[in-house]
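The structure under discussion appears below in the form of C-alpha cells.
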Amino acid sequence: VQLQASGGGLVQAGGSLRLSCAASERTANRYTVGWFRQAPGKERELVAAITRSAGISKYADSVKGRFTISRDNEKNIVYLQMNSLTPEDTAVYYCAAGRPAHSAYDLPGLYYNWGQGTLVTVSS
C-alpha cells in the first residue's frame, strides 16, 4: 500500500488542523494505520493509530482528548483531527501502515509502509 500524507501547515497555538493520509488501497481489515510524529532532535513517536479489524483508536497520552483519528473506508483516507494545538505539537507528521501486534502499536519498526511526512508548525 502506498500512502500520501497532507494537511500540515502553520497554525497558532489553540488552533486546529486536519491531516489526511490517502492510501492506494483499502486499509480497513487489512492494515493498522498510525500517525507518527518526529520533532527535531527527538525520536519518532506514535500519535494515534486505528486498528485494521475492529477500527479501535489508540492515542498517545499527550494528545488524548485533543486529537481524533478516523477512517473513511469509501475514500481510503485516514484522518487525524488535531485540536487545541500547542507548540509542543510542532513536528513532521507521518502516516504509516502495518500489522503490529496488540500492545505494540507504538513501535515504528512494525509499520512497513510510510507516507512522505507533512510538517505541522504551531506558533505561540
task = Go through the range 98-108 and give me each residue that's under 17 Å from residue 60 (Cα atoms) and either open to solvent by 70 Å² or more (accessible area, probe 1.4 Å) or within 11 Å of the chain's Cα centre (by Cα) (or both).
result = 102, 103, 106, 107
inquiry  = Any residue at all in the range 52-68 that's charged (D, E, K, R), at pLDDT 95 or above and out of contact with any strand residue (DSSP E or B) (no Cβ under 8 Å at 6 or more places or on another chain)?
reply    = yes
ask   = Out of all the residues in the range 1-16, which are open to solvent by 30 Å² or more (accessible area, probe 1.4 Å) and not in a loop (DSSP other than H, G, I, E, B)?
value = 4, 6, 10, 12
task = Considering only the range 50-71, state which residues are without any contact (Cβ under 8 Å) to a residue 40 or more places away in the chain, open to solvent by 40 Å² or more (accessible area, probe 1.4 Å) and of a type outside the set (Gly, Ala, Ser).
result = 56, 59, 61, 64, 66, 68
note = Those residues of the range 79-97 which are buried (at least 22 other Cβ atoms within 10 Å of the Cβ) and under 20 Å from residue 24 (Cβ atoms) amount to 80, 93, 94, 95, 96, 97
request  = Check off (1) farther than 15 Å from residue 9 by Cα; (2) touching a Pro at 6+ places or on another chain (Cβ under 9 Å); (3) open to solvent by 40 Å² or more (accessible area, probe 1.4 Å) for residue 124 and give me the number that stays unchecked.
outcome  = (1)
note = Filtering the range 18-43 for residues that are within 12 Å of the chain's Cα centre (by Cα) and either open to solvent by less than 80 Å² (accessible area, probe 1.4 Å) or among the hydrophobic types (A, V, I, L, M, F, W, C) (or both) leaves a count of 11
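The values are calculated or read from the model by the stated rules, or taken from the named source; none is laboratory data. This one's a predicted model, so the numbers in the text were calculated from it and none came from an experiment. Counting neighbours? That spans all protein chains shown, and the Cβs are built from the backbone with ideal geometry, glycine included. To get the accessible areas, we keep the full protein, side chains included, count just its heavy atoms, and leave off ligands, DNA and RNA. Shrake-Rupley method; radii C 1.70, N 1.55, O 1.52, S 1.80 Å.
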